[in-house]
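The values are calculated or read from the model by the stated rules, or taken from the named source; none is laboratory data. Remember, it's a predicted structure, so these values are computed and weren't measured experimentally. Cβ placement follows ideal geometry from the backbone for every residue including glycine, while neighbour counts extend to all protein chains displayed.
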């Protein structure tokens, strides 16, 4: 009893909408969120470069050699000859020990508009990343809905196969009784058992596919592989088609990428302009200057202009490369716009075809069920052969699976239609 209770606890009853909620916690979507945050930090990094940067340092040095200069210094007058008296004196250039504290305020005053264009490029990149996240969410949502629909088809198909096996078992028992009574051949029993084996082999294939679909569904929904899930929804005919407004996120992303390339190209052009920078340094140390063995401080002011004059065509090649990339992206955008219209038309036609197939499958199922019911009664009364009854069973099974597949195709066609509206890729 306890074991059964633990098995029930480990099972997760999963509806389609619950699966969609779970997929939004997928690590791939979280990765897109972090990519957007990364762009925000890059923007802040560039904005901070518009303000002066405060730096500081402390250094200590000791030298075993200090350069010296000798010089004759007049120290008096010879009273006899009245000639000056000289003394050789040594002067040290600096001190062997030096301690220095340096504080500086550095400021890039003008960067040739590079930072302005970089900010605009990052704004376009941020928009692109936000749309990539939105597209990834839509792709994963529709992929989950597609997998869930396929899972429901397989679940109900497996159920139908098992029901057919029960019918064949019942039929085999009737055939055995008729054989004992002398109204049937042993061949009828063998044919029934062979038909059962054939259906069981097909059932095994469906069960294998069902396990794969559930495994993929668990991976997308971030459910542990050892957890068992039960699809709680039912497979119902969804015959209402509603047209929606087109929102091709993939095309919008390409447009943002075009803006990024344009700003990137302008950034390269701005590298031809000079850069102006300045700094204020305060230096406090000992010795103060060369000769004063005491603590003292002083300021240094600096302003400079930097201009790259010649780089063997490196910047021009970068600009040409960016322009080539931009044109390539324009051609891709043109293709996507044309292809989007065709995809939407094709998706609508797919739904119309699926709807016709559903109506035909529904009619076939009604006839097959009625035929099986009549065949069962007639076989028990001895009016038809065993082969005729097994044919009716086979046709009923085919009609049941065809009907379930038509329900699945209706839902899948609507999912594909929505994917074409957003430019979502379902082949994750």
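Observations on the structure shown:
- Scope segment 166-178; condition without any contact (Cβ under 8 Å) to a residue 60 or more places away in the chain and surrounded by 16 or more Cβ atoms within 10 Å (Cβ to Cβ); matching residues: 172
- Out of 298, 288, one residue alone is in contact (Cβ under 8 Å) with a residue 12 or more places away in the chain and outside the structural domain of residue 246 (by TED's automatic domain parsing). It is 298.
- Qualifying residue in segment 371-393 (condition: under 21 Å from residue 152 (Cβ atoms), assigned by TED's automatic domain parsing to the domain that holds residue 153 and part of a helix (DSSP H, G or I)): no
- Index of the failed condition, residue 427 passing every other in (1) outside any helix (DSSP H, G or I); (2) in the same structural domain as residue 152 (by TED's automatic domain parsing); (3) within 30 Å of residue 134 (Cβ to Cβ): (2)
- Of everything in segment 76-106 that is modelled with pLDDT under 75 and in a strand (DSSP E or B), the residue that is nearest to the chain's Cα centre (by Cα) is 92.
- Scanning segment 55-75 for residues that are within 30 Å of residue 114 (Cβ to Cβ) and surrounded by 11 or more Cβ atoms within 10 Å (Cβ to Cβ) gives a single hit, 55.
- Residue in segment 396-419 that is under 29 Å from residue 182 (Cα atoms) and either part of a helix (DSSP H, G or I) or modelled with pLDDT under 95 (or both) present: yes
- From 106, 97, residue being assigned by TED's automatic domain parsing to the domain that holds residue 302, touching a strand residue (DSSP E or B) at 6+ places or on another chain (Cβ under 6 Å) and either surrounded by 15 or more Cβ atoms within 10 Å (Cβ to Cβ) or within 20 Å of residue 52 (Cα to Cα) (or both): 106
- Test result for residue 165, at pLDDT 90 or above, under 30 Å from residue 12 (Cβ atoms) and not in a helix (DSSP H, G or I): no
- Selection within segment 179-228 - outside any helix (DSSP H, G or I), at negative phi and either under 51 Å from the mean Cα position of the chain (by Cα) or surrounded by fewer than 18 Cβ atoms within 10 Å (Cβ to Cβ) (or both): 183, 185, 221, 223, 224, 225, 226, 227, 228
- Screening residue 50 on (1) over 30 Å from residue 224 (Cα atoms); (2) in contact with a helix residue (DSSP H, G or I) (Cβ under 6 Å, 6 or more places away or on another chain) shows it passes everything except condition (2).
- Number of positions in segment 229-273 that are under 21 Å from residue 336 (Cβ atoms) and outside any helix (DSSP H, G or I): 6
- With respect to (1) farther than 30 Å from residue 335 by Cα; (2) touching a residue at least 40 places away in the same chain (Cβ under 8 Å); (3) surrounded by fewer than 17 Cβ atoms within 10 Å (Cβ to Cβ), the lone exception for residue 246 is condition (1).
- Test: residue 319 is in a helix (DSSP H, G or I) and surrounded by 12 or more Cβ atoms within 10 Å (Cβ to Cβ): yes
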